[in-house]
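**Q** Sharing a structure below in structure tokens format, with a few things to ask.
The values are calculated or read from the model by the stated rules, or taken from the named source; none is laboratory data. Everything numeric here is computed off the predicted structure, so don't read it as measured data. Don't worry about glycine lacking a Cβ; one is built from the backbone with ideal geometry, like all the others, and counts go over all protein chains shown.
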Amino acid sequence: MIDLNYLIKIFSYKDGLLIRNKTGKEASPNSLVKGYKTVKIKNKNYKQHRIIFYICNGYLPNFIDHIDRNKLNNNSDNLRPSVLNGNNHNISIPCHNSSGYKGVYWYKPRNRWRSMIKINKKQITLGNFKTKQEAAIAYNEAAIKYHGEFASLNII
């Protein structure tokens with residue numbers, strides 16, 4: 001990462017935006033890489049949320065998590081240091097999910113909804129349930145227990 005003093009010289013932070021000090025305008029507002037806002041510094045792309053975190057906190061963790069899972073929301077209070085494992089817990093429902101709930105799928109052999117959670121790279125079955133809502137509740141309880149502040153909960 002570039003030196004903090006250099007970054008402070010060329011950028012400032014205001015209301016979730018990275019501002020170029022020279023122009024007073026948002027830095028590269030339309031530059032996106034994998035859904036993240038980026039900015040070019042010395043011919044290299046940097047993710048804006050990492051620069052904002054660095055400017056606001058004075059250090060740079062290996063991973064930064066967007067608490068609300070919105071990659072474009074770079075408000076400093078929406079960014080928190082993370083570890084890869086924690087950052088992976090705070091992900092959205094996969095696009096191939098048919099139940100509408102994270103960790104819940106139809107288990108045909110039992111004719112029930114099954115709830116599962118991944119803990120330390122291992123899939124754990126939480127049980128089989130009559131309704132997908134019951135399975136989602138079981139997932140939420142396990143997510144809070146095992147993933148803590150990084151738990152991505154189902155809205156039931």
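**Q** Could we say that GLY86 is more than 17 Å from the chain's Cα centre (by Cα) and modelled with pLDDT under 90 here?
**A** Taking the combined requirement at face value, the residue does not satisfy it.
**Q** How many of the residues making up the range 48-65 are buried (at least 18 other Cβ atoms within 10 Å of the Cβ) and touching a strand residue (DSSP E or B) at 6+ places or on another chain (Cβ under 7 Å)?
**A** Of the residues in that region, 8 qualify.
**Q** How about the range 141-156: which of its residues are surrounded by 16 or more Cβ atoms within 10 Å (Cβ to Cβ) and either touching a strand residue (DSSP E or B) at 6+ places or on another chain (Cβ under 6 Å) or closer than 19 Å to ASN120 by Cβ (or both)?
**A** ALA142, ALA143, HIS147, PHE150, ALA151, SER152
**Q** While we're here: Report, by residue number, each residue of the range 16-40 that is part of a loop (DSSP other than H, G, I, E, B) and of a type in the set (Val, Ile, Thr).
**A** THR23
**Q** Restricting attention to the range 43-80, and to residues there that are under 12 Å from ILE2 (Cα atoms), assigned to a helix (DSSP H, G or I) and not aliphatic (A, V, I, L, M), which single residue is farthest from the chain's Cα centre (by Cα)?
**A** TYR54
**Q** Of all residues in the range 114-156, which are part of a helix (DSSP H, G or I), without any contact (Cβ under 8 Å) to a residue 24 or more places away in the chain and basic (Lys, Arg)?
**A** LYS145
**Q** Moving on to the next point. Within the range 112-143, how many residues turn out to be at pLDDT 90 or above, within 27 Å of SER82 (Cα to Cα) and β-branched (Val, Ile, Thr)?
**A** Of the residues in the range 112-143, 4 are at pLDDT 90 or above, within 27 Å of SER82 (Cα to Cα) and β-branched (Val, Ile, Thr).
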